[in-house]
Amino acid sequence: MKLTLLKNPKTLALGAILILAGWTLGALFSGGGHDHGSSPAGGEQVSIWTCSMHPQIQQPKPGKCPICAMDLIPLKKGGSGKDNPRQLVMTESARQLAKITTVSVERRFVDAEIRLVGKVAFDETSTKTVAAYFPARIDRLYVDYTGISVRKGDHLAQVYSPELLTAQSELISALRFGSNVKVARDKLRLWGLSAERIRSIESNQETTDRLDIDSPLGGIVIQKHVSEGDYVKTGQPLFMIADLSKVWVMLEAYESDLPWLRYGQPVEFTAEAVPGRTFEGIVSFVSPTLDPKTRTIRVRVNAENPNEALKPDMFVHATVRATLAGEGKVIAPALAGKWISPMHPEIVRDEPGDCPVCGMALVKAEDLDYTGVRKREAPLVVPAAAVLRTGRRAVVYVEVPDQAQPTYEGREILVGPRAGGDYIVEEGLMEGERVVAQGNFKIDSALQIVAKPSMMNPNGGGGSGGHDHGGPRQARGEHKMLTYDVSPEFEAQLTTVYKAYLELQRALVASDLEKAKTAANSVAVALAKVDMNLLDEEAHLEWMNQLAPIRGSADLIASAKDIELARVAFSTLSQTLIRAAHVFALAPEKSLVHAHCPMAFDNKGGDWLQLGDEIRNPYFGDKMLNCGDVKATISAQAEKPDQYAADPNFQAQLGAVVQAYEAVSTALAEDDLAKAKSATTAVGDSLAKVDMALLEGDAHMAWMAHLEPLKTAAAHLAGAKDLKTARVEFKALSDTLISSLRSFGLAGIDQIFRAHCPMAFDNQGGDWLQLGEEIRNPYFGAAMLKCGSVEETLVPSPKESHDHGK
């Protein structure tokens, strides 16, 4: 018999209201009193009474909520801000209970530290190609392999050329007859002969058909295009030489990094091949275009390379420290008074002059707006904790000054870039105003309860029932990350993305770049099949925000030339998919866990998702395979346990366990520890009478997995020394028993209800089972006996044939 789960018709979609899990609602609206039947102080008559848990209930007189039986509260009592629908007034004691704190909106420059990755490259301006100036044969190579270090003027090769002999003879003839001497000299000069060599030809009147080709600069021979005996034509490349005393560092920046980057910025970077050493450079170029595959922008840094420690293609980690002013401009006060080349911004001088590279006149840094301080003041800044964000909307709660009671007003603002723990405010606030930095979620939830506009419900009004394919809800135990209900179709599509991601994780664990690139392509293919039109409103916007970094990281891995670059991109991909797993409440596998290695990326740390609790580190592979620990298990949006067709006798025995469990719940609701412990003994006895021999195969093994935590929780509860400990163990017992009923069903009971209290265990919430619909809260007892609501009705399904297996 399978257990049928039915939505209680009385339970409405109040996901937004559950955010108020941490607040004593009665204190908020009544100053902590319990007499909801009296009129407000001052003789003001209350015309509307509502339920704190079901704000759609509005009645003209006090009484009980018809849904949850809680006392109705006055809609206007405590100051509802009737002149402003976005205001909330509370008593001072309620403010203290909610632990609301405010901070002042201030003007100040904010700093950020941007971390980028990239590779060392040749400085293209310090790379020269040595080509043939005339047709010739390579008679001898002084440089016969690449990688040789040469100085300026060193011989590279010796060539034979009849044309060279002819040109020398023309010069000698011109000297004898006094005609076209300059033309003959210029021809030899343009062919690469030095002035000294030309003077020697003129004085000695001797010619030669061989010539040594010299290096035009010092550096490393990075390409050799010829061999001895080759014939070359005019303009044919012979060698390429690079000066490694200066290098370029090519960094990859995401779109979100751009507000913090500008020309002339100092950059610090380290190379894994040169441990313990920090190099410095200057941002000299920011690409005007975005790479459509990686969704990144290339940033070039010019850097000195003392002792040629940096080699081309070395992998580097870079740090850019920036200060942001108003209008989202990075300021660089160090450039004030400097002169910069408009074509080559790495050229910075203290005095005016010409650029040594292109010859253009240097320009004041202020005229190029590089300093960022001209006519610009510090921006408005608020703590990031003060801003409630959902999709494109950002909401803060502002303290209304000069009020008799604490009053807070919701206000939508426009925020700029985030700098660490702060947001820059573009519009909506003024300097000196005070915003709520702690407790803003509670204020927002309180406005929802009285059906006023809030972050989650900008138009106000009560909730509605039905299935939502994208409505936000608050994750229990996670008060700052919204989650969204999604359709099964979207969940299935997103699950495919995660399966490809897990293949990628396994490939990096094995340090197999080719498999990683293949898996990254699979991630991109699965991502392209995710239909965002299945999401509504805020969920749609949230997915769009996550789409670019997921796609960009996958493309970057697919095109990576080495495993380390793939691992860096994998870190970004993992962070985004971890958030997606929480936001869309997705757990494609039962054992999907969030793991962390603190030693990854020079001890900066790295996160990832994997199957199972055994650490398999994708950032180190075999070098440090088990480095890291599990941070969290990603919970599914709705539990989908395996269901087993169990024997009716087994289900009846499980029903007896529920009956004994009900007595424990009742005792805890009565705050009677001794009675609860005594009843728990009966639970243990009932568990001992459950005959697992009635189950076969997978069902038998599954019950054994359920039985152990049930027995453990019951034993611990029976030995509890206080009510607080007993309630913790009762929650563990409840969670496992609920899962057991879903897997095996029950008999002997017509129906049982799953109830939920969002305020239990410091607002993490707690479920329990009860035989009746009247809420009797075992987690608070008399203190909040009616707190909670029935979430599901669990009833046995009609009798079926049984195979006692899965």
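The values are calculated or read from the model by the stated rules, or taken from the named source; none is laboratory data. What you are looking at is a predicted structure, and each value in this text was computed from that prediction instead of being measured. Note that we place each Cβ from the backbone using ideal geometry, even for glycine, and neighbour counts take in every protein chain shown. These accessible areas exclude ligands, DNA and RNA; they are computed on the full protein's heavy atoms, side chains included. Shrake-Rupley method; radii C 1.70, N 1.55, O 1.52, S 1.80 Å.
Across region 623-730, Cα pairs under 8 Å and at least six residues apart give a relative contact order of 26 percent. Taking all C-alpha pairs of region 144-302, those more than 27 Å from each other amount to 52 percent. Modelled spin-label separation between THR166 and SER93, with each label point placed 7 Å from Cα along the Cα-to-Cβ direction: 11.0 nm. Measuring nothing but protein heavy atoms, the accessible surface of region 191-243 at 1.4 Å probe radius is 44 percent carbon and sulfur.
Here, region 693-767 yields an orientationally averaged convex hull projection of 6.1 nm² when only Cα atoms define the hull. Ordering ASN649, THR712, ALA693 by Cα displacement along the dipole of region 639-785 toward the positive end leaves THR712 in first place; charges were set at the Cβ atoms of Lys, Arg (+1) and Asp, Glu (-1). Remark: region 131-281 carries 53 Å² of accessible area per residue (probe radius 1.4 Å; ligands, DNA and RNA excluded). Partners of LYS442 within straight-line reach, counting aspartates and glutamates whose Cα lies under 19 Å from its Cα and excluding those fewer than 8 residues away in the same chain: GLU92, GLU399, GLU409, GLU412, GLU478, ASP762.
Pairs from the list LYS152/LYS233; LYS119/LYS604; LYS675/LYS724; LYS128/LYS311; LYS689/LYS724; LYS128/LYS187 with a Cα-Cα gap above 26 Å: LYS689/LYS724. Under 5 Å between amide hydrogens, built in the peptide plane, is the criterion, and for ILE73 it picks out THR50, CYS51, SER52 among residues at least 5 positions away or on other chains. For LYS721, a cut-off of 18 angstrom between C-alpha atoms picks up these aspartates and glutamates, skipping any fewer than 8 places away in its own chain: GLU670, ASP671, ASP672, GLU729.
Distance from the alpha carbon centroid of region 663-715 to that of region 391-438 works out to 50 angstrom. For region 170-175, the Karplus equation 6.51 cos²θ - 1.76 cosθ + 1.60, evaluated at θ = phi - 60°, returns couplings of 5, 5, 5, 5, 5, 5 Hz by residue, with Gly and Pro reported as x. With only Cα atoms counted, region 511-585 has Rg and Dmax values of 13.0, 41 Å. Among the listed pairs LYS499/LYS731; LYS224/LYS246; LYS677/LYS731, those whose Cα-Cα separation exceeds 24 Å are LYS499/LYS731.
With the alpha-carbon atoms of region 77-211 aligned to their principal axes, the span from lowest to highest coordinate is 115, 37, 22 Å, starting with the largest. Summed over the residues of region 666-729 and divided among them, the accessible surface reaches 51 Å² per residue at a probe radius of 1.4 Å. Of the peptides 220-230, 547-557, the ranking by mean beta-carbon count within 10 Å, highest at the top, reads 547-557, 220-230.
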